[in-house]
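J.: Take a look at this one; I'll ask things after.
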Amino acid sequence: MKFVIYLFPAMINFIASGVFFYVTQRFVDAGASKLLTAMVIPTWAIAYCISNVIMGKIVTSKNAARLIVYGGVIIAASALGFIFLNQLLMLLLAWTGLLGIGFGFYCSSFQVWCRELEQSSSSGIAMATGKYTMAWSLGFAGGALTFGLLNAVLAFSVCFAVGVLVAVGVTLIDCYLKKNPVVSVSAAAPDMPCAADAVVSRFPDYAWVGWIVGGIVSLAVNQLRSMLQVHGDVIGVANNKETMALTLMTVSLVQGTTALFLVKSRIWMYKLLPLMLIALTGAVSMASFCFVNTLTGFLLTAFVYGIYSGCGYFIFVFYALANREKAGRNAAGNEISVSIVGIAGPILGGLLVDLTKISWAPFAMATGAILLAMIFHIVVFSTDKRRKSALNEVK
């Protein structure tokens with residue numbers, strides 16, 4: 001039953017990925033400015049941020065499942081709006097924003113819920129983190145590709161009817177589990193943490209570090225989601241829409257697979273060398289997006305970048321869930337961080353392209369941001385004696 005539960009974020013993110021890809025493509029096809037095109041994700045992120053501020057104050061392990069249901073209902077409502085009122089401004093202002101509110105209810109609550117579900121696992125937090133990251137990443141992979149392909153041959157309303165069915169199905173299953181708890185959160189979450197979580201509890205609470213470093217991961221990937229289609233259109237990539245859909249799908253597939261491989265993680269997230277190697281992988285791959293211009297080049301670059309983003313998002317969620325008492329607040333902080341860069345990142349990327357007339361400028365900016373985040377991580381960890389002490393204790 002836990003496997004079924006982890007399908008929820010996959011299906012919900014399937015909708016989001018399809019929305020981001022399709023609405024962005026609609027603005028590209030309409031010849032809108034690069035800045036206006038880049039506003040798709042910020043519109044979603046503003047609503048998402050406001051929703052998560054509220055979630056940070058109210059979500060607990062006891063009400064998380066109920067809030068997940070509310071999120072599913074709101075997301076289903078937004079998908080209905082996409083079907084019946086699909087003018088450009090309505091796509092951007094109304095339905096993308098409503099989707100952000102639904103996600104705010106859903107994502108923070110689910111992170112708290114899955115943390116409790118995995119308390120009885122031998123890998124504890126790492127298991128919850130890896131499965132959750134894998135689930136939403138695979139959903140993102142399927143959404144961009146499926147919606148991209150459907151739009152080429154089917155009507156817009158059919159594409160989003162699929163999204164509505166997925167969202168309603170998730171909501172109904174959630175309601176069923178709430179009334180017939182095949183997996184009881186209270187039964188699955190003993191008072192004593194598992195051995196792996198007991199080791200993690202020795203380390204300082206680095207959720208705030210995760211908000212900054214994870215925010216940079218999101219900043220970088222948002223440049224791809226908001227500006228990759230624009231870049232491909234400018235440089236004349238053959239079959240641009242299909243190429244970019246496959247590229248974004250590859251990033252998400254590799255990202256999710258990488259996170260799944262990390263479910264047995266123990267303490268590498270607190271060591272400098274692995275963190276530096278991960279950041280350098282991200283910087284090199286993001287910089288490569290500035291130069292590639294073929295399907296093969298985009299897919300290879302996306303593969304390497306997916307390894308970075310998979311590790312980065314794993315660290316992001318892991319730091320937030322490491323402290324059980326603060327997991328709700330920390331998870332909401334994660335989503336607020338994602339929201340802030342979701343607002344600022346695409347706007348900055350669109351402005352850079354409009355001002356410089358260089359379509360790869362957002363990827364160069366993201367490369368620099370990844371390197372700055374690496375330096376920040378190194379400075380924080382190098383100067384924290386508590387981290388060094390904890391490492392010595394668990395060797």
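The values are calculated or read from the model by the stated rules, or taken from the named source; none is laboratory data. For clarity, every value in this text was computed on a predicted model and none was experimentally measured. Cβ sites come from the backbone with ideal geometry, for glycine too, and all protein chains shown count toward neighbours. SASA here: full protein model, heavy atoms, side chains in, ligands and nucleic acids out. Shrake-Rupley method; radii C 1.70, N 1.55, O 1.52, S 1.80 Å.
Yes/no matrix, rows are residues, columns are (1) more than 13 Å from residue 96 (Cβ to Cβ); (2) in a helix (DSSP H, G or I):
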site: 9; (1), (2): yes, yes
site: 13; (1), (2): yes, yes
site: 32; (1), (2): yes, no
site: 47; (1), (2): no, yes
site: 50; (1), (2): yes, yes
site: 53; (1), (2): yes, yes
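J.: Right, here's the next one. Go through segment 356-394 and report how many residues are touching a residue at least 60 places away in the same chain (Cβ under 8 Å) and within 30 Å of residue 224 (Cα to Cα).
T.: So the count comes out to 19.
Residue by residue, here is whether (1) under 16 Å from the mean Cα position of the chain (by Cα); (2) more than 16 Å from residue 216 (Cα to Cα) holds:
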position	(1), (2)
323	no, yes
334	yes, no
342	yes, no
349	no, no
354	no, yes
359	no, yes
363	no, no
371	no, no
377	no, no
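J.: To continue, here is another question. Just one of 246, 253 is touching a residue at least 40 places away in the same chain (Cβ under 8 Å), open to solvent by 10 Å² or more (accessible area, probe 1.4 Å) and within 16 Å of the chain's Cα centre (by Cα); which is it?
T.: Just one listed residue meets the conditions, 253.
J.: Is it true that some residue in segment 286-306 is among the hydrophobic types (A, V, I, L, M, F, W, C), open to solvent by less than 20 Å² (accessible area, probe 1.4 Å) and at pLDDT below 85?
T.: Taking every residue of segment 286-306 in turn, none turns out to be among the hydrophobic types (A, V, I, L, M, F, W, C), open to solvent by less than 20 Å² (accessible area, probe 1.4 Å) and at pLDDT below 85.
J.: Within the set of pairs 6+ apart or on separate chains, which have a first residue in segment 140-152 that is over 16 Å from residue 250 (Cβ atoms) and open to solvent by 20 Å² or more (accessible area, probe 1.4 Å), a second that is modelled with pLDDT under 70 and among the aliphatic types (A, V, I, L, M), and C-beta atoms under 9 Å apart?
T.: If the second residue must be modelled with pLDDT under 70 and among the aliphatic types (A, V, I, L, M), the pairs left are 150/158; 150/162.
J.: For segment 73-89, indicate whether the set of residues that are open to solvent by 10 Å² or more (accessible area, probe 1.4 Å), among the aromatic types (Phe, Trp, Tyr) and over 30 Å from residue 263 (Cβ atoms) is non-empty.
T.: Yes, there is a match, as at least one residue in segment 73-89 is open to solvent by 10 Å² or more (accessible area, probe 1.4 Å), among the aromatic types (Phe, Trp, Tyr) and over 30 Å from residue 263 (Cβ atoms).
J.: From (1) open to solvent by 20 Å² or more (accessible area, probe 1.4 Å); (2) within 23 Å of residue 343 (Cβ to Cβ), pick out the condition that doesn't hold for residue 66.
T.: Of the numbered conditions (1) open to solvent by 20 Å² or more (accessible area, probe 1.4 Å); (2) within 23 Å of residue 343 (Cβ to Cβ), the odd one out for residue 66 is (2).
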